[in-house]
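Take a look at the structure below.
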Amino acid sequence: MNNDSRNNEKKGGSFNPFKKKETGGEGGSSKGPSFSFYWIYVIAAVVLIGYQVMRGVSPDARNITELEFKQKMLSQNDVAKLEPVKNKDIVRVYITRDSLDKKVYKDMLGDKLVYAKSSKGPHFQFGYSKIDDYQENLNKYFTDHPEVREVPVEPITDPEFFGPLVNFLFPILMFGLLMVLMMRKMGGGAGGGGGGGIFSIGKSKAQLFDKGTKVNITFKDVAGLDEAKQEVMEIVDFLKNPKKYTALGGKIPKGALLVGPPGTGKTLLAKAMAGEAQVPFFSMSGSDFVEMFVGVGASRVRDLFKQAREKAPCIIFIDEIDAIGRARGKNVMMSNDERENTLNQLLVEMDGFGGDSGIIILAATNRPDVLDSALLRPGRFDRQISIDKPDVKGREAIFLVHLKPIKRSETLDIHKLAEQTPGFAGADIANVCNEAALIAARKGKDQVEMDDFQDAIDRVIGGLEKKNKIILPEEKKIIAYHEAGHAVCGWYLEHAYPLLKVTIVPRGVAALGYAQYTPKEQYLYNTEQLTDQMCMTLGGRASEEIFFNKISTGAQNDLQQVTKLSYAMVTVYGMNDRVGNISFYDPQQDQYFTKPYSEETGKIIDEEVRKLVDQAYQRTIELLTEKKAEVEKIALALLDREVLHQQDVEDLIGKRPFSEKKILADDEPSQDSNPSAQTE
Ligand code: ADP
Ligand code: ZN
């Protein structure tokens with residue numbers, strides 16, 4: 001019931017988009033009036049500024065006295081014309097062109113003389129209180145001085161009828177203009193949508209959302225994501241042919257949430273849906289609302305839906321919806337009223353149109369868990385479509401899409417590229433392809449080859465190669481043994497990932513070297529796998545201790561990973577006997593987090609985490625002590641060659657004793673590869 005009444009109220013204002021235009025908008029100002037309102041400001045400002053400028057630039061008539069005028073000019077027959085200004089009680093004096101050469105004018109005008117000569121005048125002016133009687137005054141003078149030539153007198157009225165007003169109004173108008181500009185810049189202005197014109201300075205609304213642009217991206221441009229495509233097919237079909245569905249009384253979802261990490265193609269998919277259905281695409285980003293004035297966010301949302309309704313059927317895409325859609329009232333420190341207003345407006349809008357309005361709202365987020373539950377209620381974003389990082393097959397398909405415009409060598413092994421880029425999102429792959437083309441071009445090649453791609457992958461992984469970074473020989477030795485430790489650990493631990501390459505070429509800012517592995521595409525990990533992974537990560541520090549009997553700060557990143565993993569095993573995955581099958585996972589850890597466990601349990605957790613790490617470290621030390629010769633071999637080779645690939649390692653220390661079969665032989669859909677695909 002409650003819902004019903006809200007609908008009606010809403011519809012009263014906005015249900016019929018055609019009628020609304022004539023009756024003038026509801027709450028906010030509507031398009032027409034506000035637009036011309038701004039223009040009045042513009043025109044007034046331009047006129048006033050122009051006037052001020054003109055006045056400043058026009059040759060200043062020098063002020064003199066009437067006596068001076070008569071003695072120095074009139075009596076000398078130098079005057080060409082007089083111009084009494086009726087509304088100003090002044091008389092302007094025009095001097096003849098030739099007379100200006102006289103010394104007297106040079107003295108009077110100084111360096112302004114040149115300027116005076118080039119202008120018609122007036123050159124001087126003097127005040128006279130009874131201006132209407134000036135002609136009489138002159139006549140008398142001429143009668144008294146018959147030797148003086150009479151001059152024409154042309155009384156005028158200065159067109160500065162708003163002169164006094166100007167000084168009064170100008171600052172006010174300027175201030176108003178400034179305010180308008182500022183509001184525009186802040187993204188403000190409740191109504192409007194004028195968009196273009198001179199007000200598009202700064203962050204205008206036009207940039208905040210795409211105004212229903214047509215897109216020519218289709219599903220062909222979206223590689224992989226087959227399941228997601230399948231799911232959105234129905235929506236596309238609905239947009240193409242809404243009657244077919246509504247005729248049968250079917251209810252089409254209003255919104256779908258695209259959930260997945262950045263760069264995985266959420267925006268791309270949403271656009272492709274619009275492209276497939278041939279409908280306009282509206283988009284805006286939730287993060288744009290963060291630093292806004294009160295009330296602006298909500299009015300933005302209102303505006304967006306208003307425009308969308310006029311162009312329905314269409315798709316509205318809201319990127320980073322978590323920026324506005326975070327659960328309300330959770331964050332005590334920074335309660336953000338503005339965000340809540342925006343969110344409320346969004347909810348109202350979503351409830352305000354029926355399933356037959358032809359508007360589909362898609363939203364993207366990486367954190368569906370932090371969203372306000374009101375958003376996920378039926379009739380809103382009740383559908384979630386998960387978009388994961390691509391697996392090998394998906395990556396291969398994405399490579400194919402982005403290789404299309406690239407002139408590439410016949411010998412390019414796309415499958416191998418896909419294998420070497422675990423954990424890459426679609427955007428990263430697009431980046432690799434572009435980098436590879438640039439690298440090849442720099443080398444002057446006429447096609448892009450495998451090693452260019454190899455370089456591009458390295459570059460994308462670790463930032464630009466820093467070959468020229470100076471590392472002391474002593475440091476280099478430590479780094480070599482550190483990385484060799486990782487590599488050997490991985491080689492002889494059954495559940496570790498197969499090594500891809502190990503290098504001591506520094507990359508990026510932090511990594512001095514790294515070992516890179518091919519993670520298996522898997523969804524579930526068991527305890528053995530995780531402990532092996534821990535040992536492999538600790539291999540660097542263990543090797544340093546064994547060979548140098550001292551440790552360095554180089555393992556900081558490794559230790560961080562190990563600590564995180566260890567805590568996860570104990571507190572999240574329930575892999576510890578003493579803590580038991582309990583998971584303290586809190587999706588909102590970055591918010592206020594009160595430990596759901598007692599002091600005692602906390603102590604046990606700390607002890608167990610420490611024990612786990614200590615055990616893993618002990619095991620690593622034992623393993624590497626046993627394989628000391630192998631570590632030595634790899635380290636020396638690294639010092640020599642800097643980079644060792646899988647085959648090189650095999651040549652040095654023999655084949656890996658374990659066959660590389662999948663340990664969990666189930667058909668789980670492969671997913672996000674392990675985050676620690678490399679150790680530093
Ligand atoms: P998201 O919105 O998930 O952060 P985008 O859709 O903006 O990611 O993707 C960024 C870019 O990455 C796209 O423009 C496209 O070039 C590339 N990309 C991502 N996923 C894919 C994919 N599945 N197929 C082809 N290209 C992709
Ligand atoms: Zn390391």
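The values are calculated or read from the model by the stated rules, or taken from the named source; none is laboratory data. Just so you know, these numbers come straight off a predicted model, no measurement behind them. Glycine also receives a Cβ, built like all others from the backbone with ideal geometry; neighbour counts cover every protein chain displayed. Just so you know, the surface numbers come from the protein's heavy atoms only, side chains and all, with ligands and any DNA or RNA stripped out. Shrake-Rupley method; radii C 1.70, N 1.55, O 1.52, S 1.80 Å.
Evaluate the following for Lys102: is it in contact (Cβ under 8 Å) with a residue 24 or more places away in the chain and under 30 Å from Val46 (Cα atoms)? Judged against the criteria, Lys102 is not a match.
Of the candidates Lys240, Lys229, Lys266, Lys254, the single residue that is open to solvent by 80 Å² or more (accessible area, probe 1.4 Å) and not hydrophobic (A, V, I, L, M, F, W, C) is Lys240.
Residues that are surrounded by fewer than 16 Cβ atoms within 10 Å (Cβ to Cβ) and either of a type in the set (A, V, I, L, M) or assigned to a loop (DSSP other than H, G, I, E, B) (or both) within the stretch 393-405 comprise Leu400, Lys404, Pro405, listed in sequence order. Pairs are defined by a Cβ separation below 9 Å, a sequence spacing of at least 6 or placement on different chains, a first member in the stretch 124-143 that is more than 11 Å from Leu82 (Cβ to Cβ), and a second member that is assigned to a strand (DSSP E or B) and aliphatic (A, V, I, L, M); the pairs so defined are Gly127/Ile90; Gly127/Val91; Ile131/Val85; Ile131/Ile90; Ile131/Val91. Right, Phe353: open to solvent by less than 20 Å² (accessible area, probe 1.4 Å), over 29 Å from the mean Cα position of the chain (by Cα) and away from ligand 2 (no atom under 16 Å from the Cβ) or not? Yes.
Restricting attention to the stretch 589-607, does a residue exist that is touching a residue at least 40 places away in the same chain (Cβ under 8 Å), buried (at least 19 other Cβ atoms within 10 Å of the Cβ) and at negative phi?
The answer is no, given that none of the residues of the stretch 589-607 is touching a residue at least 40 places away in the same chain (Cβ under 8 Å), buried (at least 19 other Cβ atoms within 10 Å of the Cβ) and at negative phi.
Counting residues in the stretch 502-512 that are under 27 Å from Leu623 (Cβ atoms), in a helix (DSSP H, G or I) and modelled with pLDDT under 90 gives zero. Confirm whether Asp532 is within 15 Å of Ala487 (Cβ to Cβ) and under 34 Å from the mean Cα position of the chain (by Cα). No; evaluated as a whole, the condition is false for this residue. If only residues of the stretch 87-127 that are in contact with a helix residue (DSSP H, G or I) (Cβ under 6 Å, 6 or more places away or on another chain) and open to solvent by 50 Å² or more (accessible area, probe 1.4 Å) are counted, the one that is farthest from His145 (Cα to Cα) is Lys117.
Conditions (1) open to solvent by 10 Å² or more (accessible area, probe 1.4 Å); (2) assigned to a helix (DSSP H, G or I), marked per residue:
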| position | (1), (2) |
| --- | --- |
| Gln345 | yes, yes |
| Val348 | yes, yes |
| Ile360 | no, no |
| Asp369 | yes, yes |
| Ala374 | no, yes |
| Ile385 | no, no |
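When we screen Gln76, Gln52 for residues that are at pLDDT 85 or above, open to solvent by 50 Å² or more (accessible area, probe 1.4 Å) and in contact with a helix residue (DSSP H, G or I) (Cβ under 8 Å, 6 or more places away or on another chain), the only hit is Gln76.
Against the test of being of a type outside the set (Gly, Ala, Ser), in a loop (DSSP other than H, G, I, E, B) and open to solvent by less than 60 Å² (accessible area, probe 1.4 Å), the options Thr411, Thr421 yield a single qualifying residue, Thr421.
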